[in-house]
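See structure below.
The values are calculated or read from the model by the stated rules, or taken from the named source; none is laboratory data. None of the values given here were measured: they were computed from a predicted structure. Quick reminder, even Gly has a Cβ in these numbers, built from the backbone with ideal geometry, and neighbours come from all protein chains shown. Each accessible area value is taken on the protein alone, full model and side chains, heavy atoms only, with ligands, DNA and RNA left out. Shrake-Rupley method; radii C 1.70, N 1.55, O 1.52, S 1.80 Å.
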Amino acid sequence: MPDALTRFLQPIDAFGRYVLLMAHAFRSVGEFRSYRTNLVEQMVRIGIDSIPIVALAAAFSGAVTTVQTAYQLVSPFIPRSIIGSIVAPSMILELGAVVTGFILAGRVGARISAELGTMRVTEQIDALEVMGLNSVGYLILPRVIAGVLMFPALYVLACFVGIGGGMLVAELGGFLSVGEFVQGARDFFQPFDPVFGVIKSLVFGFLITSIACFKGYFTAGGAEGVGRSTTQAAVLSCVFILVADLVLAYTLL
Amino acid sequence: MIQVEHLSKSFSGKPVLTDVSLEILEGETMAIIGRSGSGKSVLMKHIVGLLEPDAGRVLVDGTDINAVSYNELRRIRQQFGVLFQGGALFDSMNAFDNVAFPLRHFTRLSEAEIRDRVLHCLSMVQLPDVGPKKPSELSGGMQKRVALARAVALEPRYIIYDEPTSGLDPQTSNTINELIKNLAAELNVTSIVVSHDMHSVLVIADRAAFLYNGRIHWSGTIEEMHRSNDRELLDFVKASEYQIGPAAVRSSHTY
C-alpha cells in the first residue's frame, strides 16, 4: 500500500519541487550580471533560430484553414469574404499560439532539457554550484525569461505569416480575392483577440521553458536519464499547452 | 580547517554514511579512501554542501555550512576548488573560457589580467596551448588537467579532488599526482583527495581516512598505515599491491 501512496503523491511532490525551483530562479532576478550573456544567447536560440520553422508551420496552417473553410462554405447565400472572417480570427485566437507552442515544445523544450540534463549527469551543474555560482539563476532564469520574451514575438510573426499564407492560397486557388479576404477579416475583427493571443503565448512560453528546465535540472541516471527527461519535457509541455489553452479560453473569452 | 561531525546520510532508506567524523587540518593533504560505493563521493559532496546531511554537521573554519543562508554558503564555496571525476568542463566553452569562467564571475579583473592568469594556470598543468580547443577535442587526461587549472584559477584555500587518477593511463596519473603535490607545496592549500587508487594516495597524501561500510573504519598518517594491522585496511591496500606491485607500494614514501 505505501507503494501505491508514493505513486499517488509523486505528481504532487514533482509540482512542489517545480514551484520551489521557479521561486529560486526568480529570486535570483537581481543577479543580472551573472546571466545577461546567457539571456542574449538564449533569446537568439529560442527566438531567432525558431523563425524559419514557426513561419513554415504558420503559413501552412493558414493556407490549409483557408482551403478547408472554402470547401465547407458551398452555399451561394454566404458571401465569400466570410472565409477571411473565419481564417484570420482562427489564426489570431488559436492557431498562431498553439501551432507555435507545439513546435517550440519539441524544438526548444527538448533542447533545453537535453542540455541541462547532460550538464547534470556530467556534474557541470555541481561544478557551477561549488564555484559559488547560483546554478538556478545562471542556467534556468535566462532560459525562462527568453521564452517569455520571445514567444509573443514568434506568435505575432506566426499570425502575420499564417494570414498571409491564407490570402495567398485564397488568391492563387481562385477561392476569393485578397481584397475580399481582408474585408472579411476586418468585418469581424475584435481588438481583444490579439491581446488574448499574446497572453496565451506568454503563458505557453513560460510553460515550455520552465517545464523543460525543471525536467533537465533534476535529471538522474546517465544517458538514459537524459533521454527520459527530454521526452517527458516535450510531452508534458504539449499536455500543459492544451490544458492552459482551454483554461485561458474559458476564463478570458 | 574542515570538521565533519557525526555525519549520517541515507538514500531512500539505505544508509550510505553512518556517524562519520573527520578533521582536515590546515595545509595538509587528506585522502579519503575506500572501495567503490563506500560513500566517498557522498562524503565529498557533503563537504561542499551539495548534499544535506540527515544528521551531523560540516564545519568549514568553524561555520556550519548547512546552517547558513544560500548566499553565505556560496561565499564559503568560493574558497573551494573542486576537481570532478569527469572534469565537468563546460562543453559549450573552449578550454580558455572554462578556466576564465570563475575569474569573470568572481573577480573584477580586466580581460588582459584574466588572460595572463588563465595562461599561467594552463601552463601550470602543462597545457599552455589548448586554450582554443573545446573539451570534446581533448583527451580524458587533458580534460582533467584543464579542469584542475579551472579549480585553482581563483587560488582557493581548499582543493577537493574526486578520483583524480581514475580512468587515466599510468603516465598521465603520475603527471596529475605531481601536479597535486606541487600545488599543495606551492600554494599551501588544504587538499582532500577522494580516491581508491592507493598508488596515487601513497604518493600525495599526508593522512588517510578509510571508509568501510559507510563508516570511517581507520584513519591515520601514511606512516601509520604501513604499520597498521587492521584486517579490512590491509585487505584494501593489499588488493592495490597486487595491482601495482608490492615494491612500488612499500617504497612509495621515498617518492
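The figures follow:
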{"quantity": "Interchain or long-range residues, amide H under 5 Å from B:R215's placed H", "calculated": "B:T18"}
{"quantity": "Calculated FRET efficiency for the pair B:D54/B:E224, C-beta based, R₀ 22 Å, to 0.05", "calculated": "0.10"}
{"quantity": "Built amide H within the under 5 Å cut-off of B:N66, gap 5+", "calculated": "B:V58"}
{"quantity": "Within 10 Å of each Cβ in A:128-139, the average number of Cβ atoms from other chains", "calculated": "6"}
{"quantity": "Percent of alpha-carbon pairs separated by more than 33 Å within chain B", "calculated": "19"}
{"quantity": "Stokes-Einstein translational diffusion, chain A - Kirkwood Rh over all Cα pairs, 1.306 mPa s, 10 °C, in µm²/s", "calculated": "81"}
{"quantity": "Number of partner chain Cβ atoms within 10 Å, mean per residue of B:45-51", "calculated": "2"}
{"quantity": "Translational diffusion coefficient (Stokes-Einstein; Kirkwood radius from C-alpha pairs) of the protein assembly as shown at 4 °C, 1.567 mPa s, in µm²/s", "calculated": "50"}
{"quantity": "In order through the range B:205-215: 3J(HN,Hα) via Karplus (6.51 cos²θ - 1.76 cosθ + 1.60), integer Hz, x for Gly, Pro", "calculated": "8, 8, 9, 9, 10, 9, 8, 9, 6, x, 10"}
{"quantity": "Out-of-range pairs (alpha-carbon distance over 26 Å; input B:K45/B:K181; B:K144/B:K181; B:K9/B:K134)", "calculated": "B:K9/B:K134"}
{"quantity": "For a label point 7 Å along the Cα-to-beta-carbon line of A:L56, residues of the range A:105-126 with backbone N under 16 Å", "calculated": "A:105-108"}
{"quantity": "For the range A:123-137, 3J(HN,Hα) per residue [Karplus equation, 6.51 cos²θ - 1.76 cosθ + 1.60, θ = phi - 60°, Hz, x = Gly/Pro]", "calculated": "6, 5, 5, 4, 4, 4, 4, 6, 5, x, 8, 7, 5, 5, x"}
{"quantity": "Cβ-Cβ FRET estimate between B:E178 and A:R228, R0 fixed at 45 Å, reported to 0.05", "calculated": "0.60"}
{"quantity": "At 1.567 mPa s and 4 °C, Stokes D of the range B:84-155 from Kirkwood alpha-carbon radius, µm² per second", "calculated": "111"}
{"quantity": "Average accessible area per residue (Å²) across the range B:114-180 - probe 1.4 Å, nucleic acids and ligands excluded", "calculated": "40"}
{"quantity": "Contact order relative to length of the range B:51-119, as percent, for alpha carbon pairs under 8 angstrom and 6 or more apart", "calculated": "16"}
{"quantity": "Phi-based couplings in Hz for the range A:82-90 (Karplus 6.51, -1.76, 1.60; Gly and Pro marked x)", "calculated": "4, 4, x, 5, 8, 5, 4, x, 4"}
{"quantity": "Chain B: relative contact order as a whole-number percent, Cα under 8 Å and 6+ apart", "calculated": "25"}
{"quantity": "Inter-chain Cβ neighbour average for residues A:116-124, partner chain, 10 Å", "calculated": "4"}
{"quantity": "Under 10 Å, Cβ to Cβ, from B:R157 - net charge with Lys/Arg +1 and Asp/Glu -1", "calculated": "-3"}
{"quantity": "For B:Q79, net neighbour charge (Lys/Arg +1, Asp/Glu -1) across residues whose Cβ lies under 13 Å away", "calculated": "0"}
{"quantity": "Burial ranking of peptide ranges B:122-128, A:203-209 (average Cβ count within 10 Å, highest at the top)", "calculated": "A:203-209, B:122-128"}
{"quantity": "Whole-Å distance, taken between Cα centres, linking the range B:1-77 and the range A:186-233", "calculated": "38"}
{"quantity": "Local electrostatic count at B:E23 - Lys and Arg +1, Asp and Glu -1, tallied over other residues with Cβ under 11 Å", "calculated": "-2"}
{"quantity": "Under-5 Å amide H pairs with B:I192, H placed in peptide plane, nonlocal only", "calculated": "B:M30, B:I159, B:I160, B:Y161"}
